[in-house]
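Trainee: Once you've had a glance at the structure underneath, I'll fire off some questions.
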Amino acid sequence: MVVQIIKIETEKEGQSSFHEYYKEEGEGRIVTRAEVVQVIMLMVVLTVVSHSYVLKPDAEFSAQLTKFSNSLNGTSGPTALAIKYGYSTAQLLSIKNDAASYAYYILKHVAGATYSKGWTETGDELRNGTGTVAPIWPMGDPLTSPVPPTTFVLPGIEARFRINASFAKDQRTIYLPADGVTMGIEPTSTPFVPGAGTPNLEGKVGDGGHPQFTYTKGKYQGVNIYKNSNDGRGFVFSHTVNDPTYTDYAALPAVGSSAVWVYRAFYLHKGKEVGTISKDVTVTVRGLVVTT
């Protein structure tokens with residue numbers, strides 16, 4: 001059997017990597033039995049879909065940032081991992097500031113901060129924004145308990161996290177997956193425990209002035225939404241949602257009037273509510289003038 005070595009490029013975590021495989025060719029060298037086995041093994045590996053190590057839920061991503069920072073920033077200086085991979089003082093400070101800022105956003109947002117829409121937008125900008133100006137913490141809640149980080153960071157925390165993680169991962173001659181686990185930059189799988197879930201319900205005013213919601217569905221059937229319209233009835237069942245998005249098309253207040261609606265959700269698994277109820281999400285809706 002005669003083969004030619006071919007390089008193919010694959011994408012993983014936003015980077016390119018090259019793999020070699022052997023292709024039958026009219027002329028070239030003779031392939032060995034060991035190489036045939038290698039080809040088969042490699043083709044199996046290339047069919048496996050690699051999942052991102054970056055956690056999607058905001059609270060989990062914040063915990064990941066903190067773990068990454070703590071693994072590199074020691075109490076009295078760089079850790080052994082930071083020294084091993086050669087992280088600079090500037091890199092370590094940036095990693096530390098990003099983790100602290102995003103942790104503060106999570107703390108204030110989960111606490112049901114006033115101006116929740118503003119906090120949501122600030123968090124989105126911090127994580128995935130591309131602007132060149134540091135976001136300002138929304139007003140409305142006291143920003144003194146706890147005191148916010150004194151260093152304002154630019155948008156794009158997730159992009160910087162990927163770059164800083166790749167800084168270690170790309171040093172393939174010394175990188176160890178065990179180090180990556182300690183740093184929180186290796187994908188991990190955890191058993192699905194339905195009763196341990198809490199929906200990360202997020203809401204905003206969407207098109208037409210109606211409240212729009214998102215949550216991470218994962219392996220759950222969906223969620224049950226409960227709503228408090230501040231009409232004296234408290235929270236009442238509103239809707240069963242099987243998609244990761246939901247829009248409340250209930251009638252809006254009269255033109256010129258506003259109302260505060262509060263929502264919460266339970267995960268559903270095999271038709272039953274499971275886990276812990278979500279944090280309350282407050283949305284202020286207003287009557288709109290309909291034009292034709």
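The values are calculated or read from the model by the stated rules, or taken from the named source; none is laboratory data. As the structure is a prediction and not an experimental result, all values here were calculated from the model. Please note: Cβ atoms are built from the backbone with ideal geometry, for glycine as well, and neighbour counts cover all protein chains shown.
Trainee: Under 9 Å between Cβ atoms, at least 6 apart or on separate chains: pull out the pairs that start in segment 241-254 with a residue that is over 13 Å from Pro211 (Cα atoms) and end on any residue that is part of a strand (DSSP E or B) and among the β-branched types (Val, Ile, Thr).
Mentor: Short answer, once both residue conditions are applied: Val241/Val223; Val241/Ile225; Asn242/Val223; Pro244/Thr214.
Trainee: Return the total of residues in segment 120-130 being part of a helix (DSSP H, G or I) and buried (at least 18 other Cβ atoms within 10 Å of the Cβ).
Mentor: 6
Trainee: Just wondering, is there one or more residues in segment 131-150 that are outside any loop (DSSP other than H, G, I, E, B), at pLDDT 90 or above and not hydroxyl-bearing (Ser, Thr, Tyr)?
Mentor: Checked against the condition, which is being outside any loop (DSSP other than H, G, I, E, B), at pLDDT 90 or above and not hydroxyl-bearing (Ser, Thr, Tyr), segment 131-150 yields no hits at all.
Trainee: Could you grab me the full set of residues in segment 71-119 that are out of contact with any Ser or Thr (no Cβ under 7 Å at 6 or more places or on another chain), charged (D, E, K, R), at pLDDT 90 or above and surrounded by 18 or more Cβ atoms within 10 Å (Cβ to Cβ)?
Mentor: Across segment 71-119, the qualifying residue is only Asp98.
Trainee: Continuing with the same structure: Scan segment 194-249 for residues that are under 25 Å from Asp124 (Cβ atoms) and aliphatic (A, V, I, L, M) and jot them down.
Mentor: Listed by number, the residues that qualify are Leu201, Val205, Val223, Ile225, Val241.
Trainee: How many of the residues making up segment 151-174 are under 13 Å from Ser94 (Cα atoms) and assigned to a loop (DSSP other than H, G, I, E, B)?
Mentor: 6
Trainee: Regarding Gln221, is this residue in contact (Cβ under 8 Å) with a residue 12 or more places away in the chain and either within 17 Å of Tyr263 (Cβ to Cβ) or surrounded by 16 or more Cβ atoms within 10 Å (Cβ to Cβ) (or both)?
Mentor: Spelling it out, Gln221 is indeed in contact (Cβ under 8 Å) with a residue 12 or more places away in the chain and either within 17 Å of Tyr263 (Cβ to Cβ) or surrounded by 16 or more Cβ atoms within 10 Å (Cβ to Cβ) (or both).
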